[in-house]
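Just below is one structure, and these are the notes that go with it.
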Amino acid sequence: MPGSTSSHELDLMSEEIPDIVIGRLPIYLRALNQMAQMGREVTSSRELGEFLGISSAQIRKDLSHFGGFGKQGTGYHVETLRNKLQQILHVDREWPVAIVGAGYLGHALAHYRGFTPRGFRVVAVFDIDPDKIGQKIDGMNVMAVERIAVEIPSHSIQIAMLAVPVEVAQSLANDLIKAGIRGILNYAPINLAVPDGVHVQYIDPVVELQHMTFYLGG
């Protein structure tokens, strides 16, 4: 199909594109989803830039890594660009996700309704606490972490969200990786040691707050 990009080609490109560029693509996709909901059919790098607080030149440079998506003078077709970014990010399909940790954060993640429309579905929840095992969260039974080795491959899960205390985060990450997990969204305030081929994203609210307070002054 003319103009289409194969999954293999996207994988090869991803090895050459700076991670900071990849990190901005979901932000562009979110803006395009909002524009589509507003009934917009066409946009421009300038409009996207004003919408996101990013320069139009940066947006054009980022998108140029993946080919041409717009025409000078006519801009971008919102639906076409949205579909292309979903393909590039591999969210044009649904990814099953596991949550490890059934505390307050794990409950909130399991109940969050924003995952499914964007290509992710929580299918398993694990915990180490015997008092939590067997409880239901959003219709799912909380399973013992000993079940990770069985449940992860049986559900073809490649992504896990780690919402556990720091002292058990590394050992549970090891268990997840042995079971076949290739991507971890880590909420524990610790840098995980993982082998090549496993990608970790860190979510630490304290770090983000400390980043913000720098700009607030004394």
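Note on region 28-43: residues that are crowded, with 17+ Cβ neighbours inside 10 Å and either outside any helix (DSSP H, G or I) or not hydroxyl-bearing (Ser, Thr, Tyr) (or both) amount to 5.
Residues in region 107-153 that are modelled with pLDDT of 95 or more, small (Gly, Ala, Ser) and either in a helix (DSSP H, G or I) or under 23 Å from the mean Cα position of the chain (by Cα) (or both): ALA108, ALA110, ALA124, ALA149.
Within the option set HIS90, HIS107, being out of contact with any His (no Cβ under 8 Å at 6 or more places or on another chain), under 29 Å from ALA163 (Cα atoms) and touching a residue at least 60 places away in the same chain (Cβ under 8 Å) holds for one residue only, HIS90.
When the residues of region 93-104 are filtered to those that are part of a loop (DSSP other than H, G, I, E, B) and touching a residue at least 60 places away in the same chain (Cβ under 8 Å), the one that is farthest from ILE152 (Cα to Cα) is GLY103. ALA188 meets the stated requirement of being of a type in the set (Gly, Ala, Ser), buried (at least 16 other Cβ atoms within 10 Å of the Cβ) and over 15 Å from the mean Cα position of the chain (by Cα).
What do you reckon, is TYR202 surrounded by 14 or more Cβ atoms within 10 Å (Cβ to Cβ) and hydroxyl-bearing (Ser, Thr, Tyr)? The answer is yes for TYR202.
Taking every residue in region 44-66 that is touching a residue at least 60 places away in the same chain (Cβ under 8 Å) and surrounded by 14 or more Cβ atoms within 10 Å (Cβ to Cβ) and pairing it with any residue that is of a type outside the set (S, T, N, Q) and assigned to a helix (DSSP H, G or I), at least 6 positions away or on another chain, the pairs with Cβ-Cβ distances below 6 Å are PHE66/ILE88. Any residue in region 195-218 that's farther than 17 Å from GLN170 by Cβ: show its pairings with residues that are of a type outside the set (D, E, K, R) at Cβ separation under 8 Å, as long as the two are six or more apart or on different chains. What qualifies is VAL206/PRO189; VAL207/PRO189. Among the residues of this structure, ARG60 does not count as one that is assigned to a helix (DSSP H, G or I), in contact with a helix residue (DSSP H, G or I) (Cβ under 8 Å, 6 or more places away or on another chain), closer than 21 Å to PRO117 by Cβ and outside the structural domain of ALA110 (by TED's automatic domain parsing). Residue check: SER156 meets all listed conditions (1) assigned to a loop (DSSP other than H, G, I, E, B); (2) surrounded by 17 or more Cβ atoms within 10 Å (Cβ to Cβ) but one, namely (2). For VAL164, the conditions (1) surrounded by fewer than 17 Cβ atoms within 10 Å (Cβ to Cβ); (2) touching a helix residue (DSSP H, G or I) at 6+ places or on another chain (Cβ under 9 Å) are fulfilled apart from (1). Of the candidates LEU185, LEU192, LEU172, the single residue that is of a type in the set (A, V, I, L, M, F, W, C) and assigned to a loop (DSSP other than H, G, I, E, B) is LEU192.
For the condition more than 30 Å from VAL125 (Cβ to Cβ) and either in contact (Cβ under 8 Å) with a residue 12 or more places away in the chain or surrounded by 13 or more Cβ atoms within 10 Å (Cβ to Cβ) (or both), VAL78 qualifies.
The values are calculated or read from the model by the stated rules, or taken from the named source; none is laboratory data. Note that this is a predicted model, so its numbers are computed, not measured. Methodologically, a virtual Cβ is constructed for each residue, glycine included, from the backbone with ideal geometry; neighbour enumeration extends over all protein chains shown.
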